[in-house]
Structure formats: C-alpha cells, structure tokens
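Chemist: Encoded as structure tokens, here's the structure I'll be asking about.
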Amino acid sequence: MENKDLAEIFSEISDILEIQESNPFRIRSFRRVAQIIENLGFNVARTVQEDPEKLRTISGIGEGAIKRIQEIVETGRSQEHEDLKNQIPPSLLTLLELQNLGPKKIKLFWETLNITTIDELEKAAREEKLRSLPGMGQKSEAKILKAIEDYRRIQGRFRLDDGIEITQALIEYLNSKVKVRRIAAAGSVRRRRETVGDIDILVTCHSPGEVIDAFVQHPDVREVLAKGDTKASVVLRRGLQTDLRVLEDESFGAALQYFTGSKAHNVALRERAKRMGYKISEYGLFRIVNGEKIGNGKKVAGEDEEDIYHLLNLSFIPPEIRENRGEIEKAEAGQLPDLIKLEQIRGDLHMHTKATDGRNSIEEMGDAAVKAKYEYIAITDHSKALAMTGGLDEERLLLHMEKIDQVSSRIPEIKLLKGIEVDILNEGELDLSDEVLSCLDVVIASIHSRFNLSRQEMTLRICRALENPYVNILAHPTGRLLTRREPYPLDLEQVIKTARENRVCLEINAYPERLDLNDLHCRMARDMGALISINSDSHSTEMLRYMQYGVFTARRGWLAAKDVINTYPLEKLRRVLRKEEYGV
DNA sequence: GCCGTTTTCGGCCCGACTGTTTTCAGTCG
C-alpha cells in the first residue's frame, strides 16, 4: 500500500467529519496525519509493521493514527472510515471541490433540499431554490453556478512551466504600466511545485489603486473575481486564477514569506514563532509583550524575508523546500542541504536527434550545448523497438556512433558522448545486444510500452533491466505524464535499491510534462544512497532549457550537486559511467 | 486527535474578502 492511498483515507475522514461539523481540532488532526503520510519519504504501511516506533516519533502522528494505519494495512480498510462513509452520501465529498463552497453550505443544501451531487446542485441553483436559504442570496446562487462551470472546465492544475511563463509575462506587464517598487511571485510558482493551482503576485508601489486597476484590465483577464484596496483576484483566459496583493514596503518580506507557503510550512513556522514569543502575519514578525493579543506587539521584521527566518534562529530556507518536510528542524540545526544550482550542471546526458524523433542534427545539438556553456553532452537516440520514432538497430547505431565522434572532434569546446536510450522489453531484456551496448559511453534504459503490468511484474521487469552491466541511467522511472497519465504501478524503493546495487543512476527527466522522478522520489533516492542524473530529454535545441525544471525538482528533493552526476567534471563522470565509482 | 520550556488538561495559526447581514458567517489562502 502506497502512502498516497493511506493519506487519502485520512483525508476523506476529515472531509466527512467537516461536513458533520465535528470538533474542528480533531478534523485538523486527521488532515495533518494525511499530509504527513503523503510527504514521508518511506513506505508507511511497511514501517508500521516493522518498526511502529519510528512513526510514533513523528510529531502529529499519535496513538490513534498508528492504530488506524495498522488496521488499514491488515484489513485493507478502516472501519471508522467505512462507518463515516455510510453516514453521508459519498458524492457530497465531490461538492467540496467547488470553489467558495465549503462543508457548512454543503450540509445546509443536503439537509434542506436533499442535494447530494453537482448535477442536483446545479438544478436547484437554476430553479432559484438556493437563494431563500439562510445566508444565501441571488449572488451566492450565481457564484455556485459559476463554480460548477469552472469545475467542469478546468478540473485540475497547470504545469509549472506554464505557471512560470504566465507569471513572468504578468510581472513585465505590470512593470510597464505602473511604477512599482518591488514585485515578486509567491505561492507554488516560487516554490517550483511541479504543478500550480494559481498564481500569487506581490507588489509595493505608491499608488495601489493604479496597479490594481492595471491588473484587472490586463487583456488576458477573463473575469474579475474580487477587487479591493489591497487585493484583486482574476481568472485568466487560460483558466488560471491569479491574485495580486499590494503591500507596504515595510511588510513586503513578511508577505513574501507568508504567501510563498506552503501552508504546512507556515503553520509550523507560526507555531515556532509563538513558542518564542513572536507572532507572524503577512505584515511582519511581532514581539508579543505581556501575552497581549492581536493588534499588539512590536514589529521586529517585515521588510525582508531573510530577517524573519534569522530572528527565529533559523538559517534561510529556500522556497523550494518549504513543505514542512523537516526543513525547519534542519534550518535550526544549521544542517540544510546545499541545494544544487543550475550553474552547477556541466552537461546533459539525454537528448535525441534527427536520427530518430528529434528535430535537430547532432551538430546543431552540439552547438546549442556550447551556447548553454556545457562541457559535455550525450546523444541518446531511441532503439529499434520504438519503430514509430525510427529507432536505431545495431547496424545504424554503429554508424551513428561514428558520426557522433566526428562531430565531437569538430567542436573542441565540448565533448559529445555516444549514448542510446534503449527500450526495456517485455521481460526486462534490452532492445540491443550487449556487444553494441558495451561500445557506448552512456546507456539509458527506459519503458515505452506495456504500462498495464501489475506492480510486481513492472518492478521485476525494470530491476532485471538494471542488472544489465551496461545500463547507466534509468530514464523517467515512473512513466507519469503530468495532468495526463498516472505513473505505472511500481515498487520504487525496490527499484532504487537495485539501481544502487548495480551502480545505475536514476533520472530526473526535466521535461516539464514528466518531472520524473518527482521531488519526493528524489529525496528517497538520495536517502537510500542512489545517484541522480538530471536530463532534458530534448527533442530539439530549444528544449535544452528544460534542464531548469529538473533542477527545480532536484532542489525540492533536497539534492546537492554531489548527488547529481552531471555536475561532475568529465573524468569523474566517466568513472561513474564505467561503474568504477559510485557515491560520495 | 495530538501535544507538553505554561499545561497530562486545555488549547490548538491568522487575516481579507464577499455576501448576507445591521454585526457576522463562510470560505479561502
């Protein structure tokens, strides 16, 4: 059982309790457990059986949670969860996904009008039956119809690359329209999450009204959700909600901290602040005197984000790891990892050319890599099983290798390594002979077929491939496509273990739609002592820039340069590829 | 339900916006 499955049960329990208006602190506890489980870097189901004490030491996981986890692992379900599900129609939980609709209203609609589904809610709103309920009116009714429409149209999040692109364009636009002093993106865009649900932009300027007006008048704004003196919310044409907040200079840093999140990180940080006699809000860090409540206290920080962390006796925590996954404790101890930076990447080990499904020639890829200031790259086209791409057989590959060497000698600034992305076939055998694989500098293995195997079969298939002595890198290990395809079922812990034993590296495929391994997987791999390679998987020269998204993921996964082989100088890299060394 | 440098009982993060209200509840982030 995966952590995500366990987390979902706890999350559903809290959803149901919320609709039942149960004790809010109890609800929060369940939600916290769900969040903790989902973020843990090891398999909770296994741990609860082998070493329950390890779970007990985690703050937020108590006796109750351990008992429930044990029950779920043993019986496949939680009786309490089942009982709760019987108390409400399950479709009510879907209603919680509608914007501006929470547990109280859902309960109200259910109890008064027997509404249990989105369709029934829509019908009631259209028949104007909602407006007469307490606390409801014409506008609320219209908002609900709107939320239903949005839910059906969007239903999901946007990829990080889209989020960053849109954010940068908006910032440029605001800069061109209004004289702003400071402007920055916060939220999941700043934390570089693989997908973003909305965009947060913070700004300071002397004329708040002007910047708000400019914002809501942006040509891409489809709808203005809210517009006040200090905040405006809009939906952009592509369906992405975007919030702008206008601040005073003296609280810009506090707001940046606050709106960067994550929520879990901020809750933990505020709890820490409180213990130390401070209060944090988006306006600053305040020293509380005489235990006085809101509105009191002397402001001690706010203009710069760094000050807040430092006053709380923490080293500065990079936005990418603000997820309450242990970063606060490490920052307190001065033991945060030295996160990898894009400038530390010396080369890209996964890319395609015209020989298969790439758009550019070997030369063009080499020239583009020189522009990217790389010291080496590997040309890794597909193997013959991917017929659709014109995959290389042994004969063509040998000719291709000669060409790579020729081009490499013509471009003295950079070394071109001879590589292949070889398909892992049905039973874990490789698509090319060991003889030809042994002549290559880099062998990347990957799955492009038969995604519907069982977890055991897929794990065995991949591990067999990793045992081939010539395989260096497992590409896009889980096969997921963001917002499109779920990962195939896989015992990733077993795969990482097998990779490490066979001196194989795991890829962070930096293609924005993949980001595979993801952040949590990276951290698991690092903790288990496996090495990582961050690769763009470019199919054209422009795609080399995707490397940055892989680095974002690596940073979110707590990786340092030493964990990533393509930060190594060429000679050290070659020793890793020849399996003469592995690890630090 | 969880936790403990104030506590094994009693508290648990904070503020803005909206729409319904005439002082506030619900929702969101």
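The values are calculated or read from the model by the stated rules, or taken from the named source; none is laboratory data. It should be emphasised that the depicted structure is a prediction, and the values quoted were computed from it without experimental measurement. Reconstructed Cβ throughout: ideal geometry from the backbone, glycine too, with neighbour counts over all protein chains shown. When the accessible area is computed, the model is the full protein with side chains, heavy atoms only, and any ligands, DNA or RNA have been set aside. Shrake-Rupley method; radii C 1.70, N 1.55, O 1.52, S 1.80 Å.
Chemist: Whole-Hz Karplus ³J(HN,Hα) for the stretch A:214-226, in order, using 6.51 cos²θ - 1.76 cosθ + 1.60 and θ = phi - 60°, x for Gly and Pro?
Modeler: 4, 4, 6, 8, 4, x, 8, 6, 8, 7, 9, 7, 7
Chemist: Based on C-alpha coordinates, I'd like the Rg and Dmax of chain A, in Å.
Modeler: When restricted to the Cα atoms of chain A, Rg and Dmax are 26.3, 81 Å.
Chemist: Moving on. Could you run the Karplus curve 6.51 cos²θ - 1.76 cosθ + 1.60 with θ = phi - 60° over the stretch A:475-482 and give me ³J(HN,Hα) per residue in whole Hz, x for Gly and Pro?
Modeler: Along the stretch A:475-482, the couplings run 7, 4, x, 9, x, 6, 10, 4 Hz.
Chemist: Got the relative contact order for the stretch A:252-332 handy, in percent, Cα pairs under 8 Å and 6 or more residues apart?
Modeler: The value is 33 percent.
Chemist: Can I ask one more? If R0 is 35 Å, what FRET efficiency do you get for A:Gln138 and A:Lys274 from their C-beta distance, rounded to 0.05?
Modeler: 0.25
Chemist: In terms of Cα to Cα distance under 12 Å, which aspartates and glutamates are near enough to A:Lys371, apart from those fewer than 8 places away along the same chain?
Modeler: A:Glu413, A:Glu542
Chemist: Hey, another quick one. Please compute the contact order of chain A in relative form: average sequence separation of alpha-carbon pairs under 8 Å and at least six residues apart, divided by the residue count, as a percent.
Modeler: Normalised by residue count, the contact order of chain A is 9 percent.
Chemist: Between A:Glu210 and A:Ser438, what FRET efficiency follows from the Cβ-Cβ distance if R0 is 56 Å, with the result rounded to 0.05?
Modeler: About 0.25, to the nearest 0.05.
Chemist: Now for a separate question. Looking at the stretch A:500-584, which GluC sites (Glu not before Pro) are DSSP coil and have at most 16 other C-beta atoms within 10 Å of their C-beta?
Modeler: Hits after loop and neighbour filter: A:Glu580, A:Glu581.
Chemist: Here is a further query. Roughly speaking, to the nearest percent, how much of the stretch A:342-577's 1.4 Å accessible area is carbon and sulfur?
Modeler: Reported share for carbon and sulfur atoms: 49 percent.
Chemist: List the trypsin sites (Lys or Arg not before Pro) within the stretch A:459-552 that fall in a DSSP loop (any state other than H, G, I, E or B) and whose Cβ has at most 14 other Cβ atoms within 10 Å.
Modeler: Passing sites in the stretch A:459-552 are A:Arg484.
Chemist: With only alpha-carbon pairs counted, each pair once and no self-pairs, how large is the Kirkwood hydrodynamic radius of the stretch A:342-577 in angstroms?
Modeler: Averaging 1/r across every pair of different Cα atoms and inverting gives 17.3 Å.
Chemist: Please give the length that would be gained between A:Arg410 and A:Glu542 if that part of the chain were fully extended, namely 0.36 nm times their separation in residues minus their C-alpha to C-alpha distance (nm, one decimal).
Modeler: Gain on extension, A:Arg410 to A:Glu542, equals 45.4 nm.
Chemist: Still on this structure, I have one more. Rounded to the nearest 5, what % of DSSP beta bridges with both residues in the stretch A:158-247 are antiparallel?
Modeler: Of those bridges, close to 70 percent are antiparallel.
Chemist: Within the accessible area of the stretch A:115-257, what % is carbon and sulfur when the probe is 1.4 Å and the other protein chains stay in place?
Modeler: 45 percent
Chemist: For the stretch A:414-444 and the stretch A:152-199, write down the distance between their C-alpha centroids in whole Å.
Modeler: 40 Å
Chemist: Looking at this model, which pairs from A:Lys298/A:Lys330; A:Lys418/A:Lys562; A:Lys139/A:Lys231; A:Lys107/A:Lys274; A:Lys330/A:Lys497 are more than 32 angstrom apart at the alpha-carbon?
Modeler: Result: A:Lys107/A:Lys274 exceed 32 Å.
Chemist: Oh, and also: Whole-Hz Karplus ³J(HN,Hα) for the stretch A:519-531, in order, using 6.51 cos²θ - 1.76 cosθ + 1.60 and θ = phi - 60°, x for Gly and Pro?
Modeler: In residue order, the calculated couplings are 4, 5, 4, 4, 5, 4, 4, 4, 5, 8, x, 8, 9 Hz.
Chemist: Of all DSSP beta bridges located in chain A, what percent are antiparallel, nearest 5?
Modeler: Within chain A, antiparallel bridges account for around 45 percent of the total.
Chemist: Right, next: Determine, for each peptide in A:446-452, A:351-357, the mean count of other beta carbons within 10 angstrom over its residues, then list the peptides with the highest first.
Modeler: The most tightly packed comes first, giving A:351-357, A:446-452.
Chemist: With a Förster radius of 35 Å, plug the Cβ-Cβ distance of A:Glu97 and A:Glu50 into 1/(1 + (r/R0)^6) and report the FRET value to the nearest 0.05.
Modeler: With a Förster radius of 35 Å, E is 0.45.
Chemist: Which value, in Å², gives the accessible area per residue of the stretch A:3-153 when a 1.4 Å probe is used on the protein heavy atoms?
Modeler: Normalised by residue count, the accessible surface of the stretch A:3-153 is 54 Å².
Chemist: Counting other Cβ atoms within 10 Å of each Cβ, which GluC sites (Glu not before Pro) in the stretch A:90-168 have at most 16 and sit in a DSSP loop?
Modeler: A:Glu97, A:Glu127, A:Glu128
Chemist: Moving on to the next point. Let me know the whole percent of all Cα-Cα pairs from the stretch A:392-432 that are separated by more than 10 Å.
Modeler: In whole percent, the share of Cα-Cα pairs in the stretch A:392-432 beyond 10 Å is 72.
Chemist: Report the label-to-label distance for A:Lys104 and A:Gln456 in nanometres (one decimal), using points 7 Å from each Cα along the Cα→Cβ vector.
Modeler: So the two model labels end up 5.1 nm from each other.
Chemist: Return, ordered by residue number, the residues of the stretch A:192-216 whose backbone nitrogen is under 13 Å from a label point located 7 Å along Cα→Cβ of A:Thr483.
Modeler: Under cut-off, by backbone N: A:194-199.
Chemist: How would A:Tyr309, A:Tyr278, A:Tyr151 line up by accessible area, probe 1.4 Å, largest first?
Modeler: Highest to lowest solvent-accessible surface, that is A:Tyr151, A:Tyr278, A:Tyr309.
Chemist: OK, next. Expressed in nm to one decimal, what extension gain is obtained for the pair A:Glu172 and A:Tyr283 from 0.36 nm per residue of sequence separation less their Cα-Cα distance?
Modeler: 37.4 nm
Chemist: Heads up, I need the accessible area for A:Lys384: 1.4 angstrom probe, whole protein in place, Å², nearest 10.
Modeler: So the heavy atoms of A:Lys384 present about 80 Å² to solvent.
Chemist: Something else about it: Quick one: compute the contact order of the stretch A:3-153, relative version, from alpha carbon pairs under 8 angstrom and 6+ residues apart, as a percent.
Modeler: This gives 20 percent for the stretch A:3-153.
Chemist: Please work out how much length the chain gains when fully extended from A:Glu581 to A:Glu429, using 0.36 nm per residue of separation minus the C-alpha to C-alpha distance, in nm with one decimal.
Modeler: 52.2 nm
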